[in-house]
Amino acid sequence: MIKRLIPLLLVISLFFILLKVATNVAPNYDLTGVAKTYAEQGASDLGAMNLVTAIVVTYRGLDTLGEVTVLFMAGTGIALLLRRKKKKNDSGIKNRAASEILKTGSKLLVPIITMFGAYIFINGHLSPGGGFQGGAAIASAVMLMFLADSSFKINHKVFVLIESFSGIFYVLIGVLGLVILGADNFLDNRILPLGTFGTILSAGTIPLIYTLVGLKVGTELASILDNMKGELE
Amino acid sequence: MELQQGIFILMGLAMIIAAVLAMHVKDLISSIIAVGVVSLFASILYLLMQAPDVAMTEAAIGAGLSTLIFLYALHKTKDVEEEND
């Protein structure tokens, strides 16, 4: 009886808390403070059509660098804890093969999904999305290959190289801002010309940084998936 | 505005129904798909609320990648069961 009563009480009290929040909310129809500054000056300052990208990569660039670091730490932790060499399957029982529909479908879809992921992060400054979304799309293409063919392996050396170099170049671009534009310009995108508003080669370093972030996130998530899968030696 | 609010409420109800289904359905594959449906509706809601960047993240990671990981984990557990037979 008490076992059921306590969750019930918790749910009821949560309802009252949320009711208080929901009835007291006052919608804010006008931008205020820092949001107003970003919305008014973002486009002319940074030359990016997608203001979200401009904020994420430039105004809040340090936070994005932190986010990338968090993902890197998560990937390292998973590799440390879960990466293991699977024993040879000597019982003579093979893994079930994937169905014909999955095999054929994945052959058709994997190139398209990968290309779409690349499209998302290259166009990060023009259309919604960016490095993280594009990287996740690429990782889901790799996952589809794992599902379709259980013996499929990724080339670890290439993935590690891509990941490390995109991380290094990301930080280098940030430091270049300090060198070229002076102090407190870390990760400033104006070290490259802003270009014509709305074209693919515009907004300074934003497309470059998002391409690096996309490559890094994609290879990192794919490596995490591969480590979870366990290696067959 | 009225119509939009109606759509929001319908979407929210569909999400709740899918979440309850995910807990109570006996078949595990259906349960995984129901969890994916919750994320999919959430991403459509974000899109309708003018947040396409968040919607994209939710669709790529919530509805896409994590559903695939659950399916792969299910595939692995089934393999073990067959070995024990």
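The values are calculated or read from the model by the stated rules, or taken from the named source; none is laboratory data. Keep in mind the model is a prediction, meaning the values are calculated, not measured. Ideal geometry is used to build each Cβ from the backbone, glycine not excepted, and the neighbour counts take in all protein chains shown. When the accessible area is computed, the model is the full protein with side chains, heavy atoms only, and any ligands, DNA or RNA have been set aside. Shrake-Rupley method; radii C 1.70, N 1.55, O 1.52, S 1.80 Å.
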Place a point 7 Å from the Cα of B:GLN5 along the Cα-to-Cβ direction; which residues of region A:13-36 have their backbone N under 18 Å from it? A:19-29
Kindly tabulate the residues in region B:14-63 with an accessible-area decrease of at least 30 Å² between the chain alone and the assembly of all protein chains, using a probe of 1.4 Å. B:ASP53, B:MET56, B:ALA60
Quick one: which bits of region A:124-147 get at least 30 Å² less accessible when the partner protein chains are in, versus the chain alone, with a 1.4 Å probe? A:PRO128, A:GLN133, A:ALA136, A:SER140, A:MET143, A:LEU147
How many square angstrom of accessible surface are buried between A and B, both sides summed, with a 1.4 Å probe and rounding to 100? 1800
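Could you work out how much longer the chain between A:PHE72 and A:LEU14 gets when fully extended? Use 0.36 nm per residue separation minus the Cα distance between them, nm to one decimal.
Fully extending the segment from A:PHE72 to A:LEU14 adds 17.3 nm.
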So with the 1.4 Å probe, I'd like the accessible area per residue for region A:1-139, rounded to whole Å². 71
Kirkwood hydrodynamic radius (C-alpha pairs) into Stokes-Einstein, chain A, 20 °C and 1.002 mPa s, D in µm²/s: 102
Whole-percent carbon and sulfur share, accessible surface of region B:3-84, 1.4 Å: 75
Rounded if a/c is under 1.5, else prolate if a/b is larger than b/c, else oblate: which is region A:109-155, with a ≥ b ≥ c the root eigenvalues of its Cα gyration tensor? prolate
Accessible area expressed per residue, region B:3-84, with surrounding protein chains retained (probe 1.4 Å, Å²): 61
Solvent-accessible heavy-atom area per residue, rounded to whole Å², over region A:142-233 at 1.4 Å: 48
Full extension between A:ASP184 and A:MET228 adds, at 0.36 nm per residue less the Cα distance, a length in nm of 11.8 nm
From DSSP H assignment alone, runs of 4+ in the protein assembly as shown each adding -39500 (n - 2.57), the sum over residues rounded to the nearest 500 puts [θ] at 222 nm at -24000 deg cm²/dmol
For chain A, with all protein chains present and a 1.4 Å probe, just round the carbon and sulfur fraction of the accessible area to a whole percent. 71
Could you tell me how far the Cα centroid of region A:27-64 sits from the Cα centroid of region A:133-161, in Å? 34
Looks like region A:18-149, by Cα gyration tensor root eigenvalues a ≥ b ≥ c and the a/c under 1.5 rounded cutoff (else prolate when a/b is bigger than b/c, oblate otherwise), is prolate
Here region A:2-15 yields Karplus 3J(HN,Hα) values (6.51, -1.76, 1.60; θ = phi - 60°; whole Hz; Gly and Pro given as x) of 5, 4, 7, 5, 5, x, 4, 4, 4, 5, 5, 5, 4, 4
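Give the shape of region B:3-84 as rounded, prolate or oblate, defined through the alpha-carbon gyration tensor: a ≥ b ≥ c are the square roots of its eigenvalues, a/c under 1.5 means rounded, and otherwise the shape is prolate if a/b is larger than b/c and oblate if not.
It is oblate, given that a/c is not under 1.5 and a/b is not larger than b/c.
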